[in-house]
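Report on one structure; see the data block that follows.
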2 protein chains.
Amino acid sequence: MKPKILVPEGLSDESVVRLSKYAEVLKESQLGSRLDVILPEIECLLVFSWPRFLGSEQIRRMKSLKFVQGMMVGVNHLPLEQLPRRVVVCSNSGAYSTEVGEFAWGLILAAAKKIVWFHGSISSGNTDLGVYRLSPNDVVILKGKTLGIIGLGGIGRYVARLGIGAGMRICALARRRRRERGVVLLYGEAGLRKLLSRSNVILLSVPLTKLTKGMIGKEELALMKRDAILVNIARGDLIEQEALYNHLVANPLFRYATDVWWYEGGAETLRARFPFLSLHNFVGTPHVSGPSAVVTGGPERLAVRNLIRYLSGRRPIGVVNRSEYV
Amino acid sequence: MKPKILVPEGLSDESVVRLSKYAEVLKESQLGSRLDVILPEIECLLVFSWPRFLGSEQIRRMKSLKFVQGMMVGVNHLPLEQLPRRVVVCSNSGAYSTEVGEFAWGLILAAAKKIVWFHGSISSGNTDLGVYRLSPNDVVILKGKTLGIIGLGGIGRYVARLGIGAGMRICALARRRRRERGVVLLYGEAGLRKLLSRSNVILLSVPLTKLTKGMIGKEELALMKRDAILVNIARGDLIEQEALYNHLVANPLFRYATDVWWYEGGAETLRARFPFLSLHNFVGTPHVSGPSAVVTGGPERLAVRNLIRYLSGRRPIGVVNRSEYV
């Protein structure tokens, strides 16, 4: 008998067909009132955001659940503390590297070249070319500068590779000892301090875990160069919101560009607690980098492939170390 | 006796010292009332913008003038029609490749990722994350797309190289038969049409000459994909202003990003004849890409080096083909 797997409503027919070779594929709408009866038989979950109908009571009743495959690369939104230890949870590791990496470069360049600010200034009627005579700090040249990457997963490695092409020096904070061509690898607390103090551009591309939450606070900001560019492509809560706001106000040459925002009441929101959008040295986009990958179908294909690895007895990729979250 | 050269007021002491080994270096302020007497003896000019005190009458009296070295890469602002045929004019070719190339990438990504639009939308109070659910056309993924480069000089080659790194297909309109690794080269009118119709991103990095002025008009825009991204890092007048405005209005998925603006009365101005800044698919910056290179001192050093090539009897680089301008 094939194992039962519960998949998102929106999963493509193509993916359903592929999975059906290995499992009985179920969607909530197909189960209707039978959902409660079948819950204890479900062995695998494929999830985007966590399904609302799976509360703690339902999770407790999923006695056969062994494997959860996320469609996002971040898993901080999954109820890891409610899942029994036997359940293996996988991130959709690497599924967003290119698209989010491209977006990260968009934010780096938008901040370095002050594109949003210049466009806004002309829009608000400053149409005298002479006004824009440059001070050397206005448009940052990236060649020869140092790019510090915090988190050398798929996105971090993509950004590093383009940075090397642009003639930047690259250093990166990594968790595991490894080699990465053209990248100076740093480790631990001392490595982080070194990266923060020597980098002209700093990219956050690390998962949000209990270890990384608030990792950039007042002290870390104080270590950065006064004219550094900080780019966040990962999760808003890696940074302490109030400390960042104060730092941006106190250091007009410092720039922050982000696609991700802080959580309030468990959900990401564009309504920050401080008026970041009134600052000239802030650039923000509404968490569109990951979704820009989703529409390509790539992340779905990769998640399905990893689920099939599990279903066919091979070792899945991107197994989450739950002790970092719970 | 050393030849006399007239240099800009702001030329650095370092450059003056270097040039003094080969020539008598003069600045306008040092000459004062003797300027008129010395004009007929000046053999070389090093110029940024053309000096105001050198009108057509003064140019006629510069009987010894043999060589003009520009500090900009464009020479369309020099009075080429007034300079006798014996005068060799050199562009500061290659001096801006990295800095303007980086800026070009900033504009490409700002347009592809809609960073200016997203930031502006949040700023104007659209703070509901759900509003930004993406249609596939919103955030353009560059990997696998075609980048068409019109003008394969230093800037075009720089942008091509990074495009290859980002996994794009590159085609380029070139003037001379040559080879360029990873780039499909196209030539002439037929090549231009091919480039315009097949490219997802089109970069203008060609000099403004009598041959290229208005090269992108209604017909050329009509050849482009309806959702193409056109980026102008060269000169505003390469494009017919009214045709572009109408095209942007009629094709909301088409995007135009520019650092350069149209001339009015001989001078570039941010006050365009059409309300481009009211359009969501327009991104504009106030001609800061070249100046961002100037502040590094690199273009001055390169121009001085080329002037020394001339002064020491070697062949200078970047000699302008005046028939393309006059």
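Some observations on this one:
- Hits in segment A:277-305 - residues which are in a loop (DSSP other than H, G, I, E, B) and farther than 30 Å from A:Tyr256 by Cβ: A:Gly297
- Residue in segment A:187-200 that is within 14 Å of another protein chain (Cβ to nearest Cβ) and either of a type in the set (Phe, Trp, Tyr) or more than 18 Å from the chain's Cα centre (by Cα) (or both) present: yes
- Condition met for B:Leu277 (aliphatic (A, V, I, L, M) and within 10 Å of chain A (Cβ to nearest Cβ)): yes
- Summed over segment B:129-157, residues that are open to solvent by less than 20 Å² (accessible area, probe 1.4 Å) and either closer than 30 Å to B:Thr209 by Cα or more than 8 Å from chain A (Cβ to nearest Cβ) (or both) total 8.
- Here B:Gly106 meets the list (1) open to solvent by less than 50 Å² (accessible area, probe 1.4 Å); (2) in contact (Cβ under 8 Å) with a residue 40 or more places away in the chain almost entirely, failing just condition (2).
- Any hit, segment A:148-155, residues being of a type outside the set (S, T, N, Q), free of Cβ contacts under 8 Å to residues at least 12 places away in the same chain, in the same structural domain as A:Asn251 (by TED's automatic domain parsing) and outside any strand (DSSP E or B): no
- Output for segment A:13-52, where each listed residue is under 20 Å from A:Ser312 (Cβ atoms) and hydroxyl-bearing (Ser, Thr, Tyr): A:Ser15, A:Ser20, A:Tyr22
- Filtering B:Leu223, B:Leu253 for residues that are open to solvent by 10 Å² or more (accessible area, probe 1.4 Å) and touching an Asp or Glu at 6+ places or on another chain (Cβ under 9 Å) leaves a single hit, B:Leu253.
- Filtered residues of segment B:96-120 (kept if over 11 Å from the mean Cα position of the chain (by Cα) and of a type in the set (A, V, I, L, M)): B:Leu107, B:Ile108, B:Leu109, B:Ala110, B:Ala111, B:Ala112, B:Ile115, B:Val116
- When the residues of segment B:267-290 are filtered to those that are in contact with a His (Cβ under 9 Å, 6 or more places away or on another chain) and β-branched (Val, Ile, Thr), the one that is farthest from A:Gly130 (Cα to Cα) is B:Val283.
- Test result for B:Trp117, assigned to a helix (DSSP H, G or I), open to solvent by 10 Å² or more (accessible area, probe 1.4 Å), of a type outside the set (Asp, Glu) and facing another protein chain (nearest Cβ under 7 Å): no
For every residue, the table says whether it meets (1) within 14 Å of chain B (Cβ to nearest Cβ); (2) closer than 20 Å to B:Lys143 by Cβ; (3) open to solvent by less than 30 Å² (accessible area, probe 1.4 Å).
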| site | (1), (2), (3) |
| --- | --- |
| A:Glu242 | no, no, no |
| A:Gly290 | yes, yes, yes |
| A:Gly298 | yes, yes, yes |
| A:Val304 | no, no, yes |
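- Test for B:Ser278: is it farther than 26 Å from B:Gly101 by Cα, open to solvent by 10 Å² or more (accessible area, probe 1.4 Å) and modelled with pLDDT under 95: no
- Tally, over segment B:311-326, of residues that are open to solvent by less than 50 Å² (accessible area, probe 1.4 Å) and either without any contact (Cβ under 8 Å) to a residue 24 or more places away in the chain or on the phi < 0 side of the Ramachandran plot (or both): 5
- Positions within segment A:74-116 being among the β-branched types (Val, Ile, Thr) and at pLDDT 95 or above, in sequence order: A:Val87, A:Val88, A:Val89, A:Thr98, A:Val100, A:Ile108, A:Ile115, A:Val116
- Single residue of segment A:306-326 satisfying the filter (assigned to a helix (DSSP H, G or I), within 20 Å of A:Pro3 (Cα to Cα) and in contact with a strand residue (DSSP E or B) (Cβ under 8 Å, 6 or more places away or on another chain)) that is nearest to the other protein chains (Cβ to nearest Cβ): A:Asn306
The values are calculated or read from the model by the stated rules, or taken from the named source; none is laboratory data. Everything quoted here is computed from the prediction, not taken from an experiment. Using ideal geometry, Cβ is built from the backbone for each residue, glycine included, and neighbour counts are taken over all protein chains shown. Keep in mind that these areas ignore ligands, DNA and RNA; they rest on the heavy atoms of the full protein, side chains included. Shrake-Rupley method; radii C 1.70, N 1.55, O 1.52, S 1.80 Å.
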